[in-house]
Amino acid sequence: MTAIPGGFPAGYSIADPEDTFELGAGPFYCPDDADGDPRIVMLAEPRHINATGVIHGGLLMTMADLAICHTARQGYPDERAITVSMNSDFVDSGKLGDFVEARAEVVRRTGSFVFMRAQIAVEGRVLLNCGGVVKRIRLK
């Protein structure tokens, strides 16, 4: 993980420093002790806000996608995860300055796929619920 140069709380690192899309969209962070706490977090900046004045839904879906893939790989360092499908329900909206947290969990793991569910919230207030399926890609 890549250290954060400042402006973000200590104890976090960029979640996937090699993914240029996620770096540009977020960036998104995870706790340095990510093995025990696989959540993904971000701080909503002006560039994350849409014309209505709330966090853009596409950003939340990107964050959810990262959360399900990140969590699906926990404990499997020789794997990557590629999203096959993801459905999302927007429940509430976030605003500028919100500390946004995404948590995902494995529903079922098979030899080829991982079935996931995730939730994005601000201080316990749910913004998005989603479910997804990721394909397991073995690197070795």
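Residues being at pLDDT 90 or above, more than 24 Å from Arg136 (Cα to Cα) and either out of contact with any helix residue (DSSP H, G or I) (no Cβ under 8 Å at 6 or more places or on another chain) or hydrophobic (A, V, I, L, M, F, W, C) (or both) are represented in segment 67-89 by at least one member.
Among residues of segment 1-24 being part of a strand (DSSP E or B) and closer than 18 Å to Ala44 by Cβ, the one that is modelled with the highest pLDDT is Ile14.
Residue-by-condition table, conditions (1) aromatic (Phe, Trp, Tyr); (2) more than 14 Å from Asp98 (Cβ to Cβ):
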| residue | (1), (2) |
| --- | --- |
| Phe21 | yes, yes |
| Gly24 | no, yes |
| Cys30 | no, yes |
| Arg39 | no, yes |
| Ala44 | no, no |
| Ala51 | no, yes |
| Met61 | no, yes |
| Leu66 | no, yes |
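Every condition in (1) closer than 29 Å to Arg138 by Cβ; (2) at pLDDT 95 or above; (3) in a strand (DSSP E or B); (4) among the hydrophobic types (A, V, I, L, M, F, W, C) holds for Cys30 except the one numbered (2).
Of all residues in segment 106-128 being under 17 Å from Glu79 (Cα atoms) and either among the hydroxyl-bearing types (Ser, Thr, Tyr) or surrounded by fewer than 19 Cβ atoms within 10 Å (Cβ to Cβ) (or both), which is nearest to the chain's Cα centre (by Cα)? Lay out the reasoning, then the answer.
First, pick out the residues of segment 106-128 that are under 17 Å from Glu79 (Cα atoms): 106, 108-116.
Retained after the next criterion (residues that are either among the hydroxyl-bearing types (Ser, Thr, Tyr) or surrounded by fewer than 19 Cβ atoms within 10 Å (Cβ to Cβ) (or both)): 106, 108-113, 115.
Details: Val106: 14, Arg108: 19, Arg109: 19, Thr110: 22, Gly111: 23, Ser112: 21, Phe113: 18, Phe115: 16 Å.
Once the filter is applied, the top-ranked residue is Val106.
Give the number of residues within segment 37-92 that are in contact (Cβ under 8 Å) with a residue 40 or more places away in the chain, closer than 17 Å to Glu18 by Cα and either loosely packed, with under 12 Cβ neighbours inside 10 Å or among the charged types (D, E, K, R) (or both). Residues that pass the stated criteria total 5.
The values are calculated or read from the model by the stated rules, or taken from the named source; none is laboratory data. Note that this is a predicted model, so its numbers are computed, not measured. Note that we place each Cβ from the backbone using ideal geometry, even for glycine, and neighbour counts take in every protein chain shown.
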